[in-house]
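First comes the structure, then the notes that go with it.
The values are calculated or read from the model by the stated rules, or taken from the named source; none is laboratory data. Keep in mind that what you see is a predicted model, and the values were worked out from it rather than measured. Cβ sites come from the backbone with ideal geometry, for glycine too, and all protein chains shown count toward neighbours. Surface accessibility is based on the protein's heavy atoms, side chains included, excluding ligands, DNA and RNA. Shrake-Rupley method; radii C 1.70, N 1.55, O 1.52, S 1.80 Å.
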Amino acid sequence: MWHGGGVGDRVRWGVSDELWAVIEPLLPQHPRRSRYPGRKRIDDRRTLQGVLFVLYTGIQWEFLPQELGFGSGPTCWRRLAEWQAAGVWGDLQQVLLDRLRAADRLDFSRATVDASHVQAKRGRSRPKVGPSPVDRGRPGSKRHVLTDAHGTPLRVSLTGGNRNDVTQLPPLLDAAPAVRGKRGRPRRKPRRVHADRACDHDLYRQRLRERGIAPVIARRGTEHGSGLGRTRWVAEAALFWLHGPRRLRIRWETRDDIHIGFLQLAHVMALARKIPAF
């Protein structure tokens, strides 16, 4: 029997009936052949719980306990790769954000951006791994997050560890989903964007203004105490939650798509936690 983790951890990799009712229609369908059906496909819900178990515990795929009934580690790995390629997590993020806006739990009056570096043990030759900006001998990846005023992550992306934070500011905003949930046009664009000194470039301030967004970005060479910390801390908190699952504290995946799949799944679970029904 598996004895790792406490009761709270067990809840974290469980999937409630309410959440599963939202996830299931988004998954690729695999009708079983009537002739030569082959081995029966392992239940998607149990397999998803296996992927979440690996995400939260950090256990290696091959050591996934069989007695939990989630299927084998390789099966869960293949299912994660399949769902990532099918865009399931992006579709699910859209649904959850729509629900949050319908419940008045999103605030587009301002957005915050931030980034965090994570060490990579594998994937040195991959596009989304690069030398650390403070120690070029330690490769890693960088996670970028865009949140609303409450700290709800609207968009999460991954780059090599050597990418400048400010270069990801326009892509984050352009890739943010158009959030529905209320009458009228979908909401995508915040009124203001708050960022730290890493984004202090007038060129990018101008790009924000061209999008109709007011930039509120700290300038280099000025004293601390601008007051931006009172609004920007929500992005730091969002990154903290994304670093919470043990599998995301260090990049162990060689393939970019698998690591991004874990990152987007953590994003999904962070959104689901903000909806009381789930």
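Annotations for the structure displayed:
- Rolling a 1.4 angstrom probe over the chain with all protein chains present gives an accessible area of which 49% lies on carbon and sulfur atoms.
- Here is the size of the chain from its Cα atoms: Rg then Dmax, 19.9, 73 Å.
- Restricting the stretch 173-244 to GluC sites (Glu not before Pro) in coil, as DSSP defines it, with at most 13 other Cβ within 10 Å: 223
- For the pair residue 250 and residue 81, a Förster radius of 22 Å applied to the C-beta separation gives a FRET efficiency near 0.65, rounded to the nearest 0.05.
- The dipole here belongs to the chain: it is taken about the Cα centre, uses +1 on the Cβ of Lys and Arg and -1 on the Cβ of Asp and Glu, and is about 500 debye.
- The stretch 149-278, accessible area per residue, ligands and nucleic acids excluded (1.4 Å, Å²): 50
- Hits among aspartates and glutamates - C-alpha to C-alpha of residue 142 under 20 Å, sequence gap 8 or more where chains match: 114, 165, 174, 196, 200, 236, 253, 256, 257
- Our helix-only sum for the chain, with -39,500 (n - 2.57) per DSSP H run of n ≥ 4 divided by its residues, gives a mean residue ellipticity at 222 nm of -11500 deg cm²/dmol.
- Once both labels are positioned 7 Å from their Cα atoms along Cα-to-Cβ, the gap between residue 240 and residue 214 label points is 2.8 nm.
- In the structure shown, the pairs 182/274; 121/189; 189/274 are assessed against 25 Å; a Cα-Cα span above that value is assigned to 121/189.
- Length gained on full extension, residue 16 to residue 121: 34.5 nm, using 0.36 nm per residue less the C-alpha separation.
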